[in-house]
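The values are calculated or read from the model by the stated rules, or taken from the named source; none is laboratory data. Since the model is a prediction, treat every value here as computed from it, not as a measurement. For neighbour counting, all protein chains shown are included, and Cβ atoms are generated from backbone atoms with ideal geometry for every residue, glycine included. Keep in mind that these areas ignore ligands, DNA and RNA; they rest on the heavy atoms of the full protein, side chains included. Shrake-Rupley method; radii C 1.70, N 1.55, O 1.52, S 1.80 Å.
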Amino acid sequence: MTTAAAEQAILEQLVAMSRALGEPERDYVILGEGNTSARVDEDRMYVKASGARLEGITAEGFVQVWRSKVLQMLDAGDLSDAEIEQGLREALVDSSSARRPSVETLLHVYLLGLEGTNFVGHTHPTAVNAILCSRDVKQAIAGRIYPDEIVVCGTSPLFVDYVDPGVPLARTVREQTQRYIEEQGCIPQSVLMQNHGLIAMGPTAAQVEAVTATWVKTARIIAGAMAFGGPRFLSPENVARIHTRPDEQYRRRDIAGDGQ
Ligand SMILES: [Zn+2]
């Protein structure tokens with residue numbers, strides 16, 4: 001059971017994280033792009049309301065939804081756009097709310113159910129999308145290129161081919177995340193969606209901000225490396241060594257901040 005004070009603290013952290021991701025100079029999102037969420041307890045979560053802007057967002061820009069009701073939609077068969085809209089409205093904890101959750105709520109609901117995942121930030125950073133919208137994207141992100149990338153973002157992102165946003169995308173991310181966990185034995189720290197954008201997730205809001213900032217830096221390095229013959233990837237041995245070094249694990253806890 002989450003107390004009212006703890007719930008308020010979660011909302012404040014979500015607002016601060018969302019405002020940081022929405023700062024125009026970072027170039028992660030423009031207008032109403034992107035959405036963020038946080039887990040409140042077993043069944044409730046906060047998610048950005050449809051149409052709200054991350055830039056300067058306040059607590060009023062978020063709605064609380066029942067995760068179990070949204071998960072039912074993920075398991076249902078084909079749903080029309082009207083059925084999805086109605087389902088999202090019915091998932092509101094405060095049914096009298098005039099606002100409705102973003103259609104990407106389906107994605108957030110699934111990801112917030114993963115072990116140790118309390119915050120999710122989805123953005124469309126220009127630097128990252130320059131790579132995700134390229135013909136050679138798979139080649140460009142095929143390996144890790146510098147130690148801090150591994151410390152903050154893990155050994156590999158989950159890459160998802162372009163899928164129609166909404167229910168089809170949420171179902172695809174769920175299926176591929178499950179496969180990733182089976183193969184890698186851990187939860188991905190980030191999801192890269194072809195021709196769409198980035199999802200960063202983690203135990204704390206600080207971790208979500210760190211993963212997003214690191215992916216933007218990584219994307220810029222990859223773009224720069226393309227001018228000099230393309231990125232030189234670290235060997236699997238180098239990647240595994242950085243990932244398991246005790247000093248790097250200490251740094252990782254430091255980056256994630258409280259709650260890790
Ligand atoms: Zn998006």
Coordinate range along principal axes, alpha carbons of the chain, Å, largest first: 56, 38, 38
Simple spin-label model, 7 Å along Cα-to-Cβ: residue 78 to residue 164 in nm? 0.9 nm
Please list, or write none, the lysines whose alpha carbon is within less than 25 Å of the alpha carbon of residue 48, excluding same-chain residues fewer than 8 places away. 69
Setting aside same-chain residues fewer than 8 positions from residue 138, which lysines have a Cα under 21 Å from its Cα? 217
Specify the inter-centroid distance of region 67-141 and region 5-28, based on alpha-carbon positions, in whole Å. 18 Å
From the convex hull of the Cα coordinates of region 136-260, what is the mean projected area in square nanometres? 8.0 nm²
In the Gaussian network model of the chain, springs joining C-alpha atoms below 10 Å, which of 22, 185, 166 carries the largest mean-square fluctuation? 185
Based on the mean of other beta carbon atoms within 10 Å per residue, what is the order of 174-180, 209-215, 72-78, most packed first? 209-215, 174-180, 72-78
Multiplying the sequence separation of residue 43 and residue 186 by 0.36 nm and subtracting their Cα-Cα distance, what value in nm do you get? 49.2 nm
Just from its helices, what would the mean residue ellipticity at 222 nm be for the chain, if runs of 4 or more DSSP H residues each count -39500 (n - 2.57) and the sum is divided by every residue, rounded to the nearest 500 deg cm²/dmol? -14000 deg cm²/dmol
Two pseudo-spin positions, 7 Å from Cα along C-beta at residue 4 and at residue 237, lie apart in nanometres by 6.0 nm
Roughly what % of DSSP beta bridges within the chain run antiparallel, to the nearest 5? 90 percent
Portion, in percent, of the accessible area of the chain that falls on carbon or sulfur, probe 1.4 Å: 50 percent
Alpha-carbon radius of gyration plus Dmax, which is the widest Cα pair, for region 13-138 in Å: 15.0, 47
